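As structure tokens, the structure follows; a few thoughts come after it.
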Amino acid sequence: MMTQGIYEILYNFQIAPNVYSMVLAGDTSSLLAPGQFVNIKLEGKYLRRPISVCDYNEETITLIYKVVGEGTEQMSKMKAGEKLDMLVGLGNGFNPEKAGDKPLLIGGGVGIPPMYNLCKELLKMGKTPTVILGFNTKEEIFYEDAFKNLGVEVIITTVDGSYGVKGYVTDAMDIDYTYFFTCGPMPMFRAIESKANTSGQYSFEERMGCGFGACMGCSCKTKYGNKRICKDGPVLYREEIVW
């Protein structure tokens, strides 16, 4: 169930180099699962900008985004009190029912935000998640404390070894887990696919045109035919993905 509405910015602040947290007030009733996303209309831009939902409650939505182009740069300059037109409740999110007792959550860079709400949902279900967060260097780290405040084990990896485990997220995967959930760049996914020893769910980052399945611009091949990342995903099961 997708809804369109006007949302008021409550906070918009930098949390890491080029990474911002935006909290908006408005209708969240269409958010039904962790891993869904919103599509933001920006003044002067033809296409909306898809952003994963980091967290939400009955009144607010938290978005974590990275400045990578004109649209996100425009967002980073917005102030509290300004309003945004958003499509909310897009995509099929994670299915936490598959998790088992000890799920592993793996986030890389701006793939980390949807892991936060998923972690909260798994804890509500009585699961014991472990979280691996991957960055290039210590200066890029964000949300480590937020996850730790949930009471879960958090493992940080940095490519340059400046903090935590030196290397990639796969260098921290030699632990006991029952299932995995992940969001991040495609090279990370391919590395996880070669290392993982359980079933799991991948949340894909993809350029989108419409965000709700009309334009077919984000189609990908699966074992069951072509699927649209924006509508059939962004979460796909490991067993259906054609690498």
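Throughout, read-outs are computed from the coordinates displayed, never taken from laboratory work. Remember, it's a predicted structure, so these values are computed and weren't measured experimentally. Every residue, glycine as well, gets a Cβ built from its backbone with ideal geometry; the counts of neighbours run over all protein chains shown.
Using Cβ contacts closer than 10 Å as the measure, can you line up S199, S30, S194, S21 from fewest to most?
The most exposed by this proxy come first: S194, S199, S30, S21.
Compute the Rg/Rh shape ratio of region 25-159: radius of gyration over Kirkwood radius, all on alpha-carbon atoms.
That ratio is 0.98, to two decimals.
Can you list the aspartates and glutamates whose alpha carbon sits under 15 Å from that of K77, skipping same-chain ones fewer than 8 residues off?
E8, E43
Run lengths n ≥ 4 of DSSP H only: what is the helix-derived mean residue ellipticity at 222 nm for the chain, with -39500 (n - 2.57) per run over all residues, to the nearest 500?
Per the formula, -4000 deg cm²/dmol.
For the chain, what proportion of DSSP beta bridges, expressed in % and rounded to the nearest 5, is antiparallel?
60 percent
Could you give the C-alpha radius of gyration of the chain expressed as a fraction of 2.2 N^0.38 Å, taking N as the number of residues it contains?
Its radius of gyration relative to the 2.2 N^0.38 Å reference: 0.96.
Below 8 Å between Cα atoms, with a sequence gap of 6+, how large is the relative contact order for the chain in percent?
Once normalised by length, the contact order is 18 percent.
Using 0.36 nm times the number of residues separating K102 and Q74, minus their current alpha carbon distance, what extension gain do you get?
Residue separation times 0.36 nm, minus the Cα-Cα distance, leaves 6.1 nm.
Take the Cα of A25, step 7 Å along the line toward its Cβ, and report every residue of region 31-60 whose backbone nitrogen sits under 17 Å from that point.
It comes to 56-60, nothing else.
Taking the alpha-carbon distance from K127 and a cut-off under 18 Å, which aspartates and glutamates remain once sequence neighbours fewer than 8 residues away in the same chain are dropped?
Within the straight-line cut-off, K127 pairs with E97, D101, E153, D176.
If you project the alpha carbons of region 3-90 onto their three principal axes, what span does each projection cover, largest first, in Å?
Cα spread of region 3-90 along its principal axes, largest to smallest: 29, 28, 24 Å.
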